[in-house]
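The block underneath contains the structure these notes are about, expressed in C-alpha cells.
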Amino acid sequence: MSKTTYTVEEATKKLEHYCAYQERCHHEVVQKLRQMKMIPQAIDAIVGHLIQHNYLNETRFAQSFARGKFRIKQWGKERITRELKLRQISPFNIRLALKEIDEEDYQSTLSNLAEKFWNTHADRALPLRKKKVLDALRYRGWESERIFTAIRQLEIETGR
C-alpha cells in the first residue's frame, strides 16, 4: 500500500530518486508532486531544490529526449517538437534539443525509413504506395518536403 501523505523532506527524497533514475521535465515532476497531494508552496520548494541540486534541468531533459526519440524511435523533428511542447518545454530549449540531431544522420535515417516503407508496399499501385510511405513518415513527424524528395528519389531508383 502506498503512503498517502508525505513531509516535504520525504517528498524531496522521493523526487530526487525519481529524477536521478531518468531525465524528467518540470511538468512531469509537478504532476508527480500533485499526485502525492503536496500543497503548491511545497511543490515550489521541492522543484526549486531539485533545480538547485541539478536533479532537474530542462535543457538537459530536452536534449536527451530529442536524441533518444530520434535514435530509438526514429522520430522526425516535427514529432519531437510536438512532444516537447506537450511537456511545456520552452522554444529556446526545443531549438537546442533539435541541434543535438546530426543533419547527415537525420537525412540517412529518413532515406532508410522511406525505403523500408516503400519496399513494404511494393505490391500496391504507385499512388497508394506513395500515400502509404507519406502517411507512415508523417506520423513519425518527418517534414513533408523531405518526404516528397525521398519518395521522388525512390521512384527514380526503382524506375516506377
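Every read-out reported here was derived from the displayed coordinates using simple, explicitly stated rules and does not represent laboratory data. For clarity, every value in this text was computed on a predicted model and none was experimentally measured. Counting neighbours? That spans all protein chains shown, and the Cβs are built from the backbone with ideal geometry, glycine included.
How much net charge surrounds Lys73 when only the other residues with a Cβ under 12 Å from the Cβ of Lys73 are counted, with Lys and Arg +1 and Asp and Glu -1?
Values: positive: Arg67, Lys69, Arg71, Arg79, Arg140; negative: Glu83.
Overall, the nearby charge balance is +4.
Starting from the coordinates of the alpha-carbon atoms of the stretch 58-98, obtain the Kirkwood hydrodynamic radius over all distinct pairs and give the value in Å to one decimal. Please list the in-between numbers first.
Values: mean 1/r = 0.1038 Å⁻¹.
One over the average 1/r among Cα pairs gives 9.6 Å for the stretch 58-98.
Can you list the equivalent-ellipsoid semi-axes of the stretch 87-160, largest first and in whole Å, using the square root of 5 times each Cα gyration tensor eigenvalue? Mind dumping the intermediate values first?
Numbers: eigenvalues 161, 34, 15 Å².
Semi-axis lengths for the stretch 87-160 are 28, 13, 9 Å.
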Exercise. Lys/Arg Cβ at +1, Asp/Glu Cβ at -1, dipole of the chain taken about the Cα centre: which of Gly76, Thr7, Thr158 is farthest positive-ward?
Worked result: Thr158
Exercise. How high is the relative contact order of the chain, given as a whole-number percent (alpha carbon pairs under 8 Å, six or more residues apart)?
Worked result: 21 percent
For this session: With springs connecting C-alpha atoms under 10 Å apart, model the chain as a Gaussian network and identify which of Pro40, Pro91, Pro127 has the largest mean-square fluctuation.
Result: Pro127
For this session: Putting +1 on Lys and Arg Cβ atoms and -1 on Asp and Glu Cβ atoms, find which of Ala42, Phe92, Tyr55 reaches farthest to the positive end of the dipole of the stretch 1-98.
Result: Phe92
For this session: Any lysines with Cα under 28 Å of the Lys37 Cα? List them, leaving off those in the same chain fewer than 8 positions away.
Result: Lys3, Lys13, Lys14, Lys85
Seminar exercise, completed: So, for the Cα atoms of the stretch 71-123, Rg and Dmax in Å stand at 13.6, 45
For this session: Collect residues whose amide H, placed 1.01 Å from N in the peptide plane, falls under 5 Å from the amide H of Gly76; neighbours closer than 5 in sequence don't count.
Result: Gly141, Trp142
Problem set entry | Cβ-Cβ FRET estimate between Ser111 and Glu78, R0 fixed at 22 Å, reported to 0.05 | 0.80
Seminar exercise, completed: dims of the chain, Cα set, principal axes, largest to smallest, nearest Å -> 68, 33, 21
Exercise. Rounded to the nearest 500, what is the chain's calculated 222 nm mean residue ellipticity when only DSSP H runs of at least 4 contribute -39500 (n - 2.57) each, over all residues?
Worked result: -23500 deg cm²/dmol
Exercise. Convex hull over the Cα atoms of the stretch 46-136, averaged projected area in nm²?
Worked result: 7.1 nm²
Problem set entry | Fully extended contour minus Cα-Cα distance, from Lys37 to Asp102, at 0.36 nm per residue | 19.2 nm
For this session: Would you mind checking the radius of gyration and Dmax of the stretch 8-52 based on alpha-carbon positions, in Å?
Result: 9.2, 25
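With +1 on each Lys and Arg Cβ and -1 on each Asp and Glu Cβ, and nothing else charged, work out how big the dipole of the chain is about its Cα centre, in Debye to the nearest 20. Intermediate results must be reported in sequence, preceding the final value.
On the way: 30 positive and 21 negative charges, 121 e Å.
Charge dipole of the chain: 580 debye, to the nearest 20.
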